[in-house]
Each structure stands twice: as structure tokens, then as C-alpha cells.
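S.K.: Once you've had a glance at the structure underneath, I'll fire off some questions.
The values are calculated or read from the model by the stated rules, or taken from the named source; none is laboratory data. Note that the coordinates shown come from a computational prediction; the quantities given were computed from them, not determined experimentally. When we count neighbours, we look across all protein chains shown, and the Cβ atoms used for this are built from the backbone with ideal geometry, even at glycine. In case anyone asks, the SASA skips ligands and DNA or RNA and just uses the protein heavy atoms, side chains included. Shrake-Rupley method; radii C 1.70, N 1.55, O 1.52, S 1.80 Å.
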Amino acid sequence: MGGTNVKRTTTSAGPRRDARCRSPFRSIKIFVLCHSLLQLSQLLVSGYMKSSISTIERRYGLTSQKSGLLAAFNEVGNTVLIIFVSFFGSRVHRPRFIGGGALLACLASLMMAMPHFVSGRYIYTDISNTESSDNSSSLCQPSRPPSSLSSRNCQQLESPSQQMVYPMLLLGQLLLGIGAVPIQPFGISYIDDYASEKNSPLYLGILLAVTAIGPAFGFVTGSLMMDFYVDFDKLSKDEIDLDSKDLRWVGAWWLGFLVASCLLFLAALPYFFFPREMPKEDSADGQQSKANRNQQETDQLQNLSLLQFLKSFPYIVLRTLRSPVYILVVLAQVNLAALLSGLATFMAKFIEKQFTQTVPFSTMMIGAVGIPMAVLGTVLGGALMRRFQLSVRAASKLCTAAIMICMFSALPLLFIGCPTQKVAGIFPPSSDNLTCASGCSCSDEAFNPVCGSDGMEFMSPCLAGCSSMQTDAANKVLNYTECRCVSGSGYARPGTCGSGCSDRLLPFVVLLGLTAFVAAFSQTPSYMMILRTVPAEDKSFAVGVQYMLFRVLAFMPGPVLYGSVIDTTCIQWGVTCAKRTSCHYYNLNNFRHRFLGLQVAFVLGGLICFLATAIFLHRRGSRQDERPGENGGYKQVEDKPLEDFSSNQRDQNGIEAKT
């Protein structure tokens, strides 16, 4: 009887246990799928923000320096809180923390879109008096007193809701950075703990691929959204007078944030159903031993209190920075990271201004050419490491060679560009101040570019001295005629004259893609050098310090520095309600030389650091690696080939997760 009861109890418990094991949320494969979708959504927001930054700049009259600060602000919360991720490690319910971070990122994405709904309609200065709907009011009319934007529109632009736009965007970026803190580190460590030795590299490779293509999806999404007018939800199709080729065009920058927030919300939900711990995939004693070793390595950290951890952190950072190879490689990566952060933020704007392209097209060039070429270079660099089993010394030579080739491909970009278009009264500088239009009572704030038949551009038909116009059946302006300031036939067409050298765009994009491809070759070898030149007990902190330096020295100041440099090339600032707004015209030669010159400077900095690393390793001995000695110095150990790229990359990501 007793035996029967025991048997019945065992039988009844068995199905429950089997059902629990069959739950999809107890499968590491399902977790990898969910995490891939979440990382794709989160990185899509980051890429989309950079793709729409110039549009936000135009919409709200920001300088490039301000828009650069906005692009970099998500790194602030991330940098501050990444230390605590290193402390918490596996103490917490990692899936739930990931889900919570994703929901916070969802809220941040909604907040990024909110300014569109609280700031009213986009006002552009197409005519001298925006109170009038008559196209003729943009013409030269001597009897009319000069005017600027109406007082009603100025009150709207100076309203409290309008003044809160920039702080709201900054807060959204801050929350986005905070929400992203647990997503990648906790996700990678969770996978590394419960995936089998055989499948772990594959799973982490999938996440790395998603990490690489996520920003590209963001730029492609940005290109699609910028084809819609910013206020298409507030105006009928007939009320939209601009097209995407107009310099005043503003695309629906806010729409992508709404789409991304929906994706983040859906991707966050499964994480609240995953367990804190799950059975290890294809578990066996041999496979469990690695997890046990990893646990023993982190026991010392897990037993520290938060205060003890924070006190010990600076000492470990200083100890890590005493490695010459480590600090040189990290400084090289910081140079390349600063280069990347600035180009990702402003390269689309550069293509738009330099080659007179639309915002959607310029954004597509970055998302469809620049980023994929960089991803391809990273993958091939890792494959090269694996194929030839390169040592640390060989890896340093590979990095040096790659950045040297990158320097030669980046230098010609300085000379592929367009001259600044001729703009009356602005460029080239003139002292006559358009005396031909002095009696037209033109507004100083009007910005409605027209291109004269003589190739000279004017900021408005009024400044061109045009007194009549030709329209089509839909009352759309075809030409402005009887223009006193236009020589020859004396007419002007709506829109900019452009720089007139769009044929140079193709070689520029080819060289830009080649530069991104070659520079990315150094990414994997440089990571491997870091992992091989610090002791095992300091790897977690070494990678953590590396990412902190990235954020503090590159990702935060990089966009601001690039934006400040771009602002120095502006030759005509916009004015609205007697306040300076975004730039209308740039000196394209200065723009190209300073913007791309900064790129060459960062490449040169990376080259110097990698070259110093190769020289240092060569002097330490042809078959020696660097390892910290007991006295804080370095002792020589046998130089051996780097381990398989997949396992090293897995270890790297596991380390990053702990930090």
C-alpha cells in the first residue's frame, strides 16, 4: 500500500515537472530569439535618433552643437549606472530587469515623440507676412511696410510648451540610456550561463549580428519616415505646400519613435515570464564545470557590499590602467569611437548639404552603405583572426596596417566635394547689400530660396526683386518673373540652385564605404589584445573600464565636438522672431575640410596608438605576451596564438555582461 502511494505521488509530480520543462520560457533558444528582437528594437531607436537629428535641428531651430549634445545625452545615464550592473551581476532576476529596462526605453521613446504633439504646427518663413495666404505677398511690394512673423506665431514659438521641447528631448535621451543599461549585459550573461558550450558561440554571434545591424535598421527607418511631412497628421494633403527637395522641408521625425516604442513594448513582455534560473541546455557534468568555475570567480565580488564595491572600484581601475598595451589599445579604440560617434550623427547632414541631396536619400546612404560595410569589415576581421590564429603581436600589426590603409582612403575625401553655391549678399561676401531690392520692404526673417536664371541664389523672391510670378492650375508657383536683381532674362525658379556637383557623390560614397570597411577590420583584433593582456581576474573590470572610457572620452564629447566644428562653418543663420535659429547656409569648403579633417585627426590618433602598441610588443620580445606580475610590473610568458574567435568573443560578451 505504502509503495503504491509513493508510486502515485511520483507519477503525479512527474507530469507537472515535465510540463514546466516543456514551457517555452524555460528554453534558452526562445530567450535568444526574444533578446535578439529586443536588442534590434532598442538599437533601432538609437540609430533612428541619429538619423533624424538634423531634421529635429531644423524643426526646432537648434544649433549643431545643441543637436550633438542631444545625440550624446543618452550616454550620461548609461555611464553612471553601468558600474552598478557590475555590482549586481547575477544577484537579481535578470530577465525581469531586462524587461523593466525595455519598458523604460519604451517610455523614453514615447517621450522623444511628445514634443511634436505639444509644440503646435511647424512654421516656416515662406512669405513676408505669414498671416496672409496669398502667394503674392512673398513678392517685391514697395508700398508694403516690412514685417516679420506675425505676433501670433511668435507667441506660439515662445510659449512654455515650445520652450520645454529641448529639455523634454534631453530627458527622453537620458531615460533611453538608463533603460538600455541592463539589456545587453544581463542578456549576454544569462545566455552564457545556461547555453551549452557548443551553442553559446552561435547564440552570442547572433546577438552580435543584431547589435551591428540594429542601427542600420534605424537609419533605413529614418529615411522612410522623412518622406512624410512633419505635420501630415494636422494638415490635409492639399495644405502641404513643400516637398522633400525644399530646404525648409521637415520630415515626420516623431513617427519612428512611436513605431519603436510599440516594438519595445511588445519585445519587453516575454521577459516577465522567463525564470530567474533555467536548466542548462544539454547539461552534462563537463558542461556544468565551466558554470561552476565562473561562479567561483565571481563569488568574491558577489560577497562585497555595495559600499565596499564602490570603494574598491577606483583601485582596480588604476591597476588595470597600468598595463601599457591595455591603455594604448583602449586609447586607439577611443579615437575610432569618437570618429564613429560624430560621423554617425552628422554624416547624413554632410551629404545633404555638400551634394544637395534630400534628407531621406542622405540618411539611406548611411544606413545602406556605411554601416553594412563596417559590419562586413568587423566580421572579416574576426574570420581572419580565427583562420590564421594570430598572436597578440600579429594582431597589433594587423590593427596598425588596417588603420594605415584607412588613413590613405580617408585623406582623398577631403578633396571630393562641392564649392559653396553663390547666394546674393551672403557668398561670396558683398558690400552692396542687394541695393536692387532696397525698395521692396523685404523681411530679414524670410527664408524661401529661389534660384535666378543667372545661377545666383536668393533667400526669398522679394530679395531677388521679383514682382510677378507664374502658377499652375493648383496655384503652385512655377517661376518668379520680372526679378530686378537677376541678370539676363530676369526670372527665378523656386528652390535652391544647389552646389551643382552631385556627380561627385558616387566616388565619395565608395571611398566612405571603403574607409568604414577597412577601419572595422581592427575592431575584433583590438578586443582580443585587451583580453589577452590583462589577468583573468581583472578581465571583467578591464572591459568595464574600456566601455566607461568609450563613453566618457568618445561617445559623449564626440557629437558635441563635431557639432561645434560644423557651427563654425555657418555663413547665414536663420532668424525667427528676432532670435537666431538653425543655420541656412554653410561654407561648403570649410564644412568639408573641418568636418572630414576631424575624421582624419581621429584616424591618425588611432594609428599612432596602434603603432606604439606594435613597437612596444616588438621590444618585449618576438615570442612574448604581456602579463601583470606580482610586483605590478610585467613578466614574459610564452606567445601563443589567440584562441578561437567565437569562444573569445563569447568570453568578451560574458565579461561585458558582468560589468
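S.K.: What is the dipole size for region 337-462, taken about its Cα centre, with +1 at each Lys and Arg Cβ and -1 at each Asp and Glu Cβ, in debye to the nearest 20?
M.R.: The dipole of region 337-462 has a size of about 1140 debye.
S.K.: Solvent-accessible area of Tyr491, probe 1.4 Å, all protein chains present, reported in Å² to the nearest ten, please.
M.R.: 90 Å²
S.K.: Shape call for region 500-583 from the C-alpha gyration tensor, a ≥ b ≥ c root eigenvalues: rounded (a/c under 1.5), prolate (a/b greater than b/c) or oblate?
M.R.: oblate
S.K.: Could I ask something else about it? At 1.4 Å probe size, put Asp193, Asp241 in order of accessible surface, largest to smallest.
M.R.: If we order Asp193, Asp241 from most to least accessible, we get Asp241, Asp193.
S.K.: If I ignore ligands, DNA and RNA and count only protein heavy atoms, how much of Arg532 is accessible to a 1.4 Å probe, in Å² to the nearest 10?
M.R.: Its heavy atoms expose roughly 20 Å² to the probe.
S.K.: Which sequence of Leu310, Leu390 reflects their accessible areas, 1.4 Å probe, from the largest down?
M.R.: Descending accessible area places them as Leu310, Leu390.
S.K.: Sticking with this one: Could you sort Phe602, Phe595 by their accessible area in this structure, using a 1.4 Å probe and putting the largest first?
M.R.: Phe602, Phe595
S.K.: OK, next. Could you order peptides 24-31, 499-506 by the average number of other Cβ atoms within 10 Å of their residues, highest first? Before the final figure, lay out the partial values.
M.R.: Details: 24-31: 17.1, 499-506: 14.1.
Ranking, from highest mean packing down: 24-31, 499-506.
S.K.: A further question on this structure: Taking a threshold of 28 Å on the Cα-Cα distance, which of the pairs Lys50/Lys353; Lys353/Lys579; Lys245/Lys422; Lys280/Lys311; Lys50/Lys234; Lys50/Lys579 fall above it?
M.R.: Lys280/Lys311
S.K.: Let me ask something else. With every protein chain in place, what's the accessible area of Tyr585 (1.4 Å probe, Å², nearest 10)?
M.R.: Probe radius 1.4 Å; accessible area of Tyr585 about 10 Å².
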